[in-house]
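K.L.:
Quick one: structure below, then a few questions.
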Amino acid sequence: MARLSGKKVAILATHGFEQSELEKPLEALRDAGADVHVVSLEEGEIKGWDGDDWGRPISVDKLLSDVSSNDYDALVLPGGQINPDLLRADKNAVEFVRSFWNSGKAIGAICHAPWLLAEADIVKGRKVTSFNSIEKDIRNAGGLWEDSEVVTDMGLVTSRNPDDLPAFCSKVIEEIAEGRHEKRAA
């Protein structure tokens, strides 16, 4: 299936990403024909979190400092507790996320990754979901939180946890393939 042939997707992550929440979307997007880059704050490898311990490393394809949203058609943000917390403290990572939104490009965020969306001022007035422990954070940022497997609002795709990955990956692929998103106001 090459629904995403010719499309480029960035997966923004750093150490402590939820293993399955990076690996499954990466595999699904590549299987759909997309050119996918793991983008991070540092070169080399980043290490995932799997269950209750460190997981497998993933090779970094591009440094955040060397890319922009103009290089990609969509963005995927894996969760885990550590990864999005580190990224939301990095102003360049937050601006990278915001620039995808302002350009009208699809964004997928799962688990704790909506923390990054809140930091980038994207969730206000949007229907979103997340891992249940950050529901209050999302609501406090103005998000219209709901407890659903996958929630989509103007090309913003969110899911709760690794159990939702099949629905999350499918919806992210659909949103990228349709590419019907308009430029959004900052």
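Each value in this text was obtained by applying a stated rule to the coordinates, not by laboratory testing. Every value quoted in this text rests on a predicted model; they were computed, and no experiment measured them. So basically every Cβ, Gly included, is an ideal-geometry build from the backbone, and we count neighbours across all protein chains shown.
K.L.:
List the helices (runs of 4 or more DSSP H) inside segment 55-158, counting only whole elements, that have at least 2 residues being without any contact (Cβ under 8 Å) to a residue 24 or more places away in the chain.
P.N.:
Where helices (runs of 4 or more DSSP H) fall fully within segment 55-158 and carry at least 2 residues being without any contact (Cβ under 8 Å) to a residue 24 or more places away in the chain, they are 135-140.
K.L.:
Considering segment 146-161 alone, what residues qualify as being among the acidic types (D, E) and more than 14 Å from K124 (Cα to Cα)?
P.N.:
Residues satisfying the conditions are D147, E149.
K.L.:
Test G155 against the criterion of being touching a strand residue (DSSP E or B) at 6+ places or on another chain (Cβ under 7 Å) and either within 17 Å of G79 (Cβ to Cβ) or among the aromatic types (F, W, Y) (or both), and give yes or no.
P.N.:
Spelling it out, it is not the case that G155 is touching a strand residue (DSSP E or B) at 6+ places or on another chain (Cβ under 7 Å) and either within 17 Å of G79 (Cβ to Cβ) or among the aromatic types (F, W, Y) (or both).
K.L.:
Test each condition in (1) touching a strand residue (DSSP E or B) at 6+ places or on another chain (Cβ under 6 Å); (2) under 16 Å from E21 (Cα atoms); (3) surrounded by fewer than 22 Cβ atoms within 10 Å (Cβ to Cβ) for R139 and report the one that comes out false.
P.N.:
All conditions are met except number (2).
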